[in-house]
Amino acid sequence: MPFHIVLLILFAALLHASWNALLRGGADRLWSMTVMCLAVATASALIAPFVTPPARASWCYAGLSAVLHVGYNLFLVRSYKVGDLGQTYPISRGSSPILIALSAAFFVGEAVTGVALLGIALVSGGIVSLAFNNRRLAVPSLPYALGTGVFIAAYSVTDGIGARLSGAPLAYTVWMCALWGVLMPLVYIGLRGTRSLFSWRPGVATALGGGLVSLLAYAIIIYAMSYAPMGAVSALRETSVLFAALIGYWFLGEAFTLRKFLACAVIALGAVLIG
């Protein structure tokens, strides 16, 4: 994988960890995610006139990905409701790189070297191990956490194919995110009503800012998947868990246990093998 692609993906992982750290304390994550989507839709609509439209062959993938992103949002929120964030997040994020590598091999015929495959396995294993940090696995939340990982894999592979067919990864990102940014608020309104969405709450500025940062982070990932194996890109993206652990330790006063240190070391080793 080209070194500049590796650096871009790691930067996107840092952005992903940063906006997750900002939004993690929100009491209503469904509302926060929906406000993020409004920011994503607005920014995408403003950018769209200035980019060449993606090739028609990619349009169906953009639409499918937008629907899958909404499913991801709903499953993620549900997994947070029935389980502990410290368990559901590592399981959902850690399971996706392996699923993406297998799906890309099956649907696209994408080959991954033995060293890169070992790196993907180390990243996934290191992330999932964080869910067992002196805790028993909460079985009721497991289907939702794994379901979230399946949605991540599904929209990642869909976007990887769509971006390659589009001929313009940035334009594809803008179109897909605009659709997603419109669909999610419509789903929220259907569930809770218009007044609930547009009522002023603390944290609205953080959610809007998080939406813009997430748009930039995912645009980088879609660009990377246009030029590098999807499974490897996904595994490097999930090093955001490592950045999140460091941010939590340095800025949020969270403990950095020996188990967490060893998991981060395994993730870092996997990232080196992929790169």
Among the listed residues Leu23, Leu8, Leu15, identify the single one that is out of contact with any Pro (no Cβ under 8 Å at 6 or more places or on another chain), modelled with pLDDT of 90 or more and of a type in the set (A, V, I, L, M). Leu8
Can you name the number of the only condition in (1) under 17 Å from the mean Cα position of the chain (by Cα); (2) surrounded by fewer than 16 Cβ atoms within 10 Å (Cβ to Cβ); (3) of a type in the set (Ser, Thr, Tyr) that Tyr218 fails? (2)
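Tell me whether the range 129-139 contains one or more residues that are part of a helix (DSSP H, G or I), surrounded by 20 or more Cβ atoms within 10 Å (Cβ to Cβ) and at pLDDT 90 or above.
As a first pass, look at the range 129-139 and keep what is part of a helix (DSSP H, G or I): 129-132, 139.
Narrowing further to those that are surrounded by 20 or more Cβ atoms within 10 Å (Cβ to Cβ): 130-131.
Still in the list and also at pLDDT 90 or above: none.
So far as the range 129-139 goes, no, none of its residues is part of a helix (DSSP H, G or I), surrounded by 20 or more Cβ atoms within 10 Å (Cβ to Cβ) and at pLDDT 90 or above.
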Only one residue in Ala116, Ala111 is among the small types (Gly, Ala, Ser), over 30 Å from Pro49 (Cα atoms), outside any helix (DSSP H, G or I) and at pLDDT below 90. Which one? Ala111
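Restricting to the range 174-191, count the residues that are surrounded by fewer than 24 Cβ atoms within 10 Å (Cβ to Cβ) and touching a Ser or Thr at 6+ places or on another chain (Cβ under 9 Å).
Our first condition is that a residue be surrounded by fewer than 24 Cβ atoms within 10 Å (Cβ to Cβ); within the range 174-191, this holds for 178-179, 182-183, 185-191.
Going one step further and asking which of them are touching a Ser or Thr at 6+ places or on another chain (Cβ under 9 Å), we end up with 178-179, 185, 187-189.
Count: 6.
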Checking the structure you have, find out if any residue of the range 192-205 is crowded, with 20+ Cβ neighbours inside 10 Å, assigned to a helix (DSSP H, G or I) and either out of contact with any Phe, Trp or Tyr (no Cβ under 8 Å at 6 or more places or on another chain) or at pLDDT 90 or above (or both). no
Which members of the range 217-266 meet the condition of being among the aromatic types (Phe, Trp, Tyr) and part of a loop (DSSP other than H, G, I, E, B)? Tyr227, Phe256
Name, by its number, the condition in (1) of a type outside the set (A, V, I, L, M, F, W, C); (2) surrounded by fewer than 21 Cβ atoms within 10 Å (Cβ to Cβ); (3) modelled with pLDDT of 90 or more; (4) not in a helix (DSSP H, G or I) that does not hold for Pro54. (2)
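The values are calculated or read from the model by the stated rules, or taken from the named source; none is laboratory data. Since we're looking at a predicted model, the values are computed, not measured. Glycine also receives a Cβ, built like all others from the backbone with ideal geometry; neighbour counts cover every protein chain displayed.
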